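Data first, discussion second: the structure below is written as C-alpha cells.
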Amino acid sequence: MKQFTIPNIYRSNLISEIKESRKAADKLKKDFSPTLLNLGPVHIYLARHFGFCYGVENAIEIAFNTIEQNQGKRIFLLSEMIHNPQVNADLIARGVQFLQDTYGKQLIPFEDLTSEDVVIIPAFGTTLEIEAMLKAKGIAVEKYNTTCPFVEKVWNRSEQIAGKGYSIVVHGKPKHEETRATFSHASANTPTVVVNDMQETIELAKYITGEKPAADFYIEFKGRFSEGFDITKDLQKIGVVNQTTQLATDTQAISDYLKEVILKHFQLDQSSIASRFADTRDTLCYATNDNQSAVKGMLDTDADIAIVIGGHNSSNSSHLVELCEAKYPTYFIDGPEKLLSKEAILHCNWHTKEMSTIHGYLPNANPLRIVMTSGASCPDAVVEQVIRKIADFYGVANQLN
C-alpha cells in the first residue's frame, strides 16, 4: 500500500514500533488481540488496529502540499478535512479557511470565491452540486481533491448498479458530509433514499411490502429521498451502500434484513435474488472493518476501563466508543488535555456530544488495566501523548523512553 508523507508532528516512534512489530508478526491480519504495554502499576492494552487510515493520510498529504505550493494565495477547505481537532487547528494556523461547518452551514459565502482561490475538497467528498458550482467559478476542483478512495469506491459501485436498474438505499447519518455526498452521487443516476439505522430500515421495508400507505413515505422520509422518488416502484429492485464510517455490522444487518424482506415479498429463492437485490458487500471500508474488528478482539480482555481517542464529531470514533461500552466503563476524549488529573476526566457523550467532568474515573486497581483505541482520523502522536499522561499520573513515564 502507498506510503504517504505527512508532518512528523502526527507521527509517534512509540506507536510506529508497536504497529510495525504487530504487522511483521501478523501479515495476514488474523490476530485481533491487543498489544500490552506493561508499565507496572498500569497495563495499557492497545487495539491491534487504530489511528490514521489510508484515506486520512492521503488527505493530509494533499492538504499540506497544497499549502506549500500556493504561498500567497487564499486557501479554503470546503469543510473539516477530517474530523480531528488537532489537524484542523493546524490547517487553520497555516492560513486555511473553512467555507462550511460539518453540517453544511455556510461560514464564508461561496460568492466571495474567485478563480484565483484554492479550494480543498475534504476526505468525505462533496456533492455534485457544490462541485459544479466551484468549477463554474473557474476553481480547479480536481487538483485539490482529497476525497477518500474508499468513499469514491462506494460512489462507483452505486453508479454500476444504477446502470443495471437498481435503486440505492444509503445507510448513513443524513447530516454527515459523506452521506450528503454519497446521496448526491447516487441520486444523479438512480432513485435514492437514506436510512440512519435498523429501526428506519424496518419502517422503510413496510413500504416495500405495502404494510404502510405510500403517501406516508413522503412524510416519514422527508428530505431523505431523491427528486421524483416513486415509492410504489422505486424499492422493488435495490442495492445497499453505506457511509464508510458506519458500523460495518450494522450495514450488513440492514442489507441482510432488506434482502430477506425482498425474498419473501417477491417469493424468490437465493438463485434469483440478484434480479431484485444487488450484492454490495465489497463497498465496506477495510479500515473501518479493521478498527472495529480490533475493538471486538479487545473485548475478551479483562480490563477496568476503556479510553477511545478521536474527534467528538467523528462517526467512526463514536462507533468504537459504542462497541467498547458493551463491556467496559468507557471514556471518549479527543486529546491528552481532557485527562484533567488522576481524579478527573472531561468525557464526551457520543450520543449527545455533551461534555461532562467525570470524577474517580480511574479505579483503585493494581495494576490498573486500560484498553485503548483511536479513530481513523486521530494522529498516533495524540495517542502517545495520552499514554504518557496516564503514565505520568503513576510516575512511570520513564518506562516509555
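The values are calculated or read from the model by the stated rules, or taken from the named source; none is laboratory data. Computed from a predicted structure; not experimentally measured. Using ideal geometry, Cβ is built from the backbone for each residue, glycine included, and neighbour counts are taken over all protein chains shown. When the accessible area is computed, the model is the full protein with side chains, heavy atoms only, and any ligands, DNA or RNA have been set aside. Shrake-Rupley method; radii C 1.70, N 1.55, O 1.52, S 1.80 Å.
Take Phe266: with every protein chain present and a 1.4 Å probe, its accessible area is about 50 Å².
Sorted on the mean count of surrounding Cβ atoms within 10 Å across their residues, most packed first, peptides 16-25, 110-119 read 110-119, 16-25.
Placing unit charges on the Cβ atoms only, positive for Lys and Arg and negative for Asp and Glu, gives the chain a dipole magnitude near 500 debye about its Cα centre. Please report the carbon-and-sulfur percent of the accessible area for region 95-233; probe 1.4 Å, protein heavy atoms only, DNA, RNA and ligands left out. Of the solvent-accessible surface of region 95-233, carbon and sulfur hold 52 percent. When only the Cβ of Lys, Arg, Asp and Glu is charged (+1, +1, -1, -1), the dipole of region 172-228 relative to its Cα centre reaches about 100 debye. Excluding ligands, DNA and RNA, the accessible surface per residue across the chain is 44 Å² with a 1.4 Å probe. Highest mean first, the peptides 334-344, 72-82 sorted by other C-beta atoms within 10 Å per residue fall in the order 72-82, 334-344.
The slack in the chain from Asp392 to Gln270, taken as 0.36 nm per residue of separation less the alpha-carbon distance, amounts to 38.1 nm. Computed over the alpha-carbon pairs of the chain, the distance histogram in 10 Å steps reads 5, 21, 28, 24, 16, 5, 0 percent, short to long.
Taking a Cβ cut-off of under 11 Å around Ile309, the surrounding Lys, Arg, Asp and Glu residues balance to a net charge of -2, with basic ones at +1 and acidic ones at -1.
For region 287-401, a simple Cβ point-charge model (Lys and Arg +1, Asp and Glu -1, everything else neutral) yields a dipole of about 100 debye relative to the Cα centre. Once you divide the Cα radius of gyration of region 78-198 by 2.2 N^0.38 Å, the number left is 1.11. Pairs with C-alpha atoms separated by more than 25 Å, drawn from the list Lys206/Lys237; Lys29/Lys327; Lys2/Lys30; Lys212/Lys237; Lys206/Lys327; Lys173/Lys353, are Lys206/Lys327. For the pair Ile358 and Gln69, a Förster radius of 51 Å applied to the C-beta separation gives a FRET efficiency near 0.70, rounded to the nearest 0.05.
Over 22 Å apart: what share of the alpha carbon pairs of region 237-324 falls there, rounded to a whole percent? Counting every Cα pair in region 237-324, those more than 22 Å apart make up 41 percent.
To put it simply, the accessible area of region 275-359 at a 1.4 Å probe is 49 percent carbon and sulfur.
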